[in-house]
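Beneath this line is the structure, given in structure tokens, with notes to follow.
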């Protein structure tokens, strides 16, 4: 995993127009825009998106094409994301980034576990892994059937014979009833994996981490924290001694062991106080 | 207060968690200064809180902090790093400054640095440091309530910095830190909007280095207390320049984004090599040396 280097050009705000808006689910929309700085972004990296006059929010990159067409998936969760959902093609947004490190590209047998919009970087990652994997199992979780994201995209990226998609829904409306973690232990009992990648709600990732530790499988998890500067200065996103924006957002199991007291347990609020994760 | 080397962490950078401060100590800082703490918790401003310019960063984070009662936990933990721990303090009145400073010292702070120079929060910071009478009252009240050194961090956003420096020292400041960020703004041409949510912020980084060195140079000729130079230092040459202007120690902040915490070790090594090459035995021998010529 490479530590991100700070470049002034990367951190300079660029304004750009929304090129397309696609509804992925009742709460999630994918926005595309053109940005040359993000053209070489890697899976796991994030960008800061400015909604003029409203807010600036960190977003995981869903896709970055060489021609500079960038996609992000945005779930409506608050004022900023609501304002963004109201935006139409042609409206102006601002971009800083890409920031942070990225997932290691492993070969062999891969297990992905994701929940909600955490599936976005997993889809991006699976595209980069396509030529390397011998087997890919992707567990995708959501509350309900219509909130399951990127199932079709994931099916298409890697060879059909090598890929298995397992969907879980909390209400049982599709796939396995339960959380994304529900099928994971059974999979780890049955098969050997070279790497587990996970992204989604932190308590979910914590469970996946605990299982990975139990079965001795390597793991990388992408964490989310409150972000302000995105370049490792303000300290808003610290977990243990790490800045999630700079030393993360992707952490190895080894690093997560160091921050066990916080990972899946607490985060820092706007005023810097440690508060329990929702 | 003795430092193992003349480099210190500048306030506002990574200074809300003891573990982050620990990384700065590992990077070689001779002392650490926390992010500014007040009496009550503050959430700060909404994003964007920083803007990159070609020559530095503009920030208006808005003094987010958990309040001194919560922050004492981090102070107690950061005490274990074996370098002087300086707690940066702000308040909305002289009494508040004094209360927070006392709680910080009671929890183990080796010194306090009074933030009378933050350019982007109303009724504190530079609004205190720009008013000689109010500033004097704040310094006196803090001095009367803590038995530890009191540093005063000065704002460059004043007509006459020397006057303010003299007021601070006459009121009892044990040292001065110069300078805090310079008031600045960035406007996006496409939307015709100021980018920061607070519109105006403070500029840090290489852009303000020559301004900061001029401030240190001017103050040095008028005050006897040690000056801590701060503003745009990224390498040993910058640090030496500040020392030659009159600084006894220096603080580094923005450069950590590019160079990481080991910037402190690199700058210290560079200063020591310079001293050796020039035949000096200690930093003290070159403090203010440029004034003799």
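Of the strands (runs of 3 or more DSSP E) contained entirely in the stretch A:183-278, those carrying at least 1 residues that are more than 10 Å from chain B (Cβ to nearest Cβ) and surrounded by fewer than 18 Cβ atoms within 10 Å (Cβ to Cβ) fall at A:250-252, A:266-268, A:274-276. How many residues are surrounded by fewer than 22 Cβ atoms within 10 Å (Cβ to Cβ), part of a loop (DSSP other than H, G, I, E, B) and under 13 Å from the mean Cα position of the chain (by Cα) when one looks only at the stretch A:42-63? Residues flagged as surrounded by fewer than 22 Cβ atoms within 10 Å (Cβ to Cβ), part of a loop (DSSP other than H, G, I, E, B) and under 13 Å from the mean Cα position of the chain (by Cα) within the stretch A:42-63 amount to 1.
When the helices (runs of 4 or more DSSP H) confined to the stretch A:79-182 are screened for residues that are assigned by TED's automatic domain parsing to the domain that holds residue A:218, those reaching at least 1 such residues are found at A:119-129, A:151-157.
The set of residues in the stretch B:53-62 that are within 10 Å of another protein chain (Cβ to nearest Cβ) and touching a residue at least 24 places away in the same chain (Cβ under 8 Å) comprises B:53, B:55, B:56, B:57, B:59, B:61, B:62.
Residues in the stretch A:135-174 that are within 24 Å of residue A:75 (Cβ to Cβ) and without any contact (Cβ under 8 Å) to a residue 24 or more places away in the chain: A:151, A:152, A:155, A:156, A:172.
Among the residues making up the stretch B:1-17, those that are at the interface with chain A (Cβ under 9 Å from one of its Cβ atoms) and farther than 16 Å from residue B:255 by Cα are B:16, B:17. Listed by position, the strands (runs of 3 or more DSSP E) enclosed by the stretch B:138-210 that each have at least 2 residues that are more than 14 Å from chain A (Cβ to nearest Cβ) and surrounded by fewer than 24 Cβ atoms within 10 Å (Cβ to Cβ) are B:182-185.
The values are calculated or read from the model by the stated rules, or taken from the named source; none is laboratory data. These numbers were taken from a predicted model, which means no experiment stands behind them. Quick reminder, even Gly has a Cβ in these numbers, built from the backbone with ideal geometry, and neighbours come from all protein chains shown.
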